[in-house]
Amino acid sequence: MSRIGKAPIAIPAGVTVKVDENNHVTVTGPKGTLERNIVPQLGVEVDGAVVRVTRPNDDKENRSLHGLSRTLIANMVKGVTEGFSKTLEVNGVGYRAAKEGNALVLNVGFSHQVTVPEIPGITIDVPNANTIVINGTDKQLVGQFAADVRGKRPPEPYKGKGIKYADEVVRHKVGKTGAK
């Protein structure tokens, strides 16, 4: 039995979880509403303040989807209560980020500015010129948007210039030596 899959999901106060036919799960909370279709062969039931995900048998596919489905629902519950956040750092001489309207403007060593528009479900904060904070309720959307912003200028291994996650460690390489 999946240790993750069999763990119940506690529903905090102020959050409602509704399961429609074909396992269409809707989670509503103080930060918004999230919806997701869970695989129909799994059972999703809400009893009181707990959500449980069950599987019909121990087939390999059902075992692999059991823990995944439970985690997806748990992330939806966490997203509508607390939300998710990713912090990016901009490193390099002259590299900086700014927010203009609802777009992120990056000066990262190109001959032009790179503009990344805010998408629905995501909010961008720039507390200082070298820090970008991306917030949202959908964990996958926050992570993908952060990866897209990082992809505009990933950190390079020789000087560490570029956009990196706050908890990312860039391993530095040794540059060329002036051998004669």
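The values are calculated or read from the model by the stated rules, or taken from the named source; none is laboratory data. Predicted model, so just to flag it, every value in this text is computed and none were measured. Glycine gets a Cβ as well: all are built from the backbone with ideal geometry, and neighbour counts include every protein chain shown. Quick note on the areas: whole protein, heavy atoms, side chains included, nothing else; ligands and nucleic acids left out. Shrake-Rupley method; radii C 1.70, N 1.55, O 1.52, S 1.80 Å.
Below is a table of values for the structure above.
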quantity	calculated
Dipole-positive endmost among Leu106, Leu65, Leu42 within the chain (Cβ charges, Cα centre)	Leu106
Region 13-63 - Rg and Dmax from Cα coordinates, angstrom	12.3, 38
Contour minus Cα-Cα distance for Lys31 and Lys152 (0.36 nm per residue)	40.7 nm
Region 38-106 - charge dipole about Cα centre, Lys and Arg +1 at Cβ, Asp and Glu -1, debye rounded to 20	160 debye
Asp20-Asp47 pseudo-label distance in nm [points 7 Å out on the Cα-to-Cβ vector]	2.6 nm
Order of exposure, largest accessible area first, which applies to Tyr158, Tyr95 with probe 1.4 Å	Tyr158, Tyr95
Inter-site label distance for Ala129 and Val39 at 7 Å from Cα along Cβ, in nm	5.1 nm
Computed [θ] at 222 nm, helices only, for the chain once each DSSP H run of length n ≥ 4 contributes -39500 (n - 2.57)	-6500 deg cm²/dmol
Acute angle (nearest 10 degrees) that the helix 60-81 long axis makes with the longest principal axis of the chain, alpha-carbon atoms	70 degrees
Rg and Dmax [Cα atoms of the chain; Å; Rg one decimal, Dmax integer]	21.2, 76
Accessible area in the full protein assembly, largest first, 1.4 Å probe, for Lys99, Lys159	Lys159, Lys99
Positive-end residue, the chain charge dipole about Cα centroid, Cβ charges, pick of Tyr95, Gly14, Ile119	Tyr95
